[in-house]
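Peer 1: My questions will all concern the structure given below.
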Amino acid sequence: MQGSFLIRVFACVFLVGGWAVAADLDDFTSDGCSLFPNGTPEDRYQWCDCCFNHDIAYWRGGTEDERREADLALQACALQRTKSKALADTMYYGVRFGGSSAFPTWYRWGYGWKYGRGDMPLTEKEQKQADDKLDSYKKSHPEGYCRKQ
């Protein structure tokens, strides 16, 4: 009897906790290439879109495998835009070392969620919430962050 009660209590805490996490997603924000230039002096936005797309993944968060995929996509995009392996690798290693969800920074993996969420997969409800918030951002910012001025 007592074991059954404890299982129900833990199930309720887990389910309610999942609802609370979904409610904690902040609106999407991007600052382009956090702590790194968005491009060269000649083309100030050369790889900014790479960082913007990376910010979408980092804001949303998820598993460590998803983070690795986002970081590799950033590296590939930067390499395609610049043809510089050294620059693309610098960006990749920078986000690998500095972007962990363990760090309480504004640019950490899963920064849209309350700090401490970690590297958990998103529930269907959280995925929908993230999709809706991203759609809302795109409607109110059709030019994105990296528009050339």
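Peer 1: When the residues of region 43-65 are filtered to those that are charged (D, E, K, R), in a helix (DSSP H, G or I) and open to solvent by 20 Å² or more (accessible area, probe 1.4 Å), which remaining residue is nearest to LEU25 (Cα to Cα)?
Peer 2: Quick first cut of region 43-65, residues charged (D, E, K, R) only: 43-44, 49, 55, 60, 64-65.
Those still in the list that are in a helix (DSSP H, G or I) too: 49, 55, 60, 64-65.
Checking the rest, the ones that are also open to solvent by 20 Å² or more (accessible area, probe 1.4 Å) come to 49, 60, 64-65.
Numbers: ASP49: 23, ARG60: 8, GLU64: 19, ASP65: 21 Å.
Step by step, filter region 43-65, then rank; the result is ARG60.
Peer 1: Would you pick out the residues in region 99-139 that are touching a residue at least 24 places away in the same chain (Cβ under 8 Å) and loosely packed, with under 15 Cβ neighbours inside 10 Å?
Peer 2: Within region 99-139, TRP106, LYS114, PRO121, THR123, LYS125, SER136 qualify.
Peer 1: Give me the pairs: first residue in region 33-52 and touching a residue at least 24 places away in the same chain (Cβ under 8 Å), second residue surrounded by fewer than 17 Cβ atoms within 10 Å (Cβ to Cβ) and not in a loop (DSSP other than H, G, I, E, B), beta-carbon distance under 7 Å, and six or more apart or on different chains, which are they?
Peer 2: PHE36/GLY94
Peer 1: I want to confirm something. Restricting to region 29-70 and keeping residues that are under 10 Å from the mean Cα position of the chain (by Cα) and of a type in the set (Asp, Glu), which single residue is farthest from CYS146 (Cα to Cα)?
Peer 2: Result: GLU66.
Peer 1: Could you tell me which residue of region 66-96 is surrounded by the most Cβ atoms within 10 Å (Cβ to Cβ), considering only residues that are in a helix (DSSP H, G or I) and of a type in the set (S, T, N, Q)? Show your work before the answer.
Peer 2: Going residue by residue through region 66-96, those that are in a helix (DSSP H, G or I) are 66-82, 85-96.
Cutting the leftovers down to of a type in the set (S, T, N, Q) gives us 75, 80, 82, 90.
On the way: GLN75: 22, GLN80: 11, THR82: 18, THR90: 14.
Residue satisfying both the conditions and the ranking: GLN75.
The values are calculated or read from the model by the stated rules, or taken from the named source; none is laboratory data. In this text the structure is predicted, and so the values were computed from the model without any measurement. Glycine also receives a Cβ, built like all others from the backbone with ideal geometry; neighbour counts cover every protein chain displayed. SASA here: full protein model, heavy atoms, side chains in, ligands and nucleic acids out. Shrake-Rupley method; radii C 1.70, N 1.55, O 1.52, S 1.80 Å.
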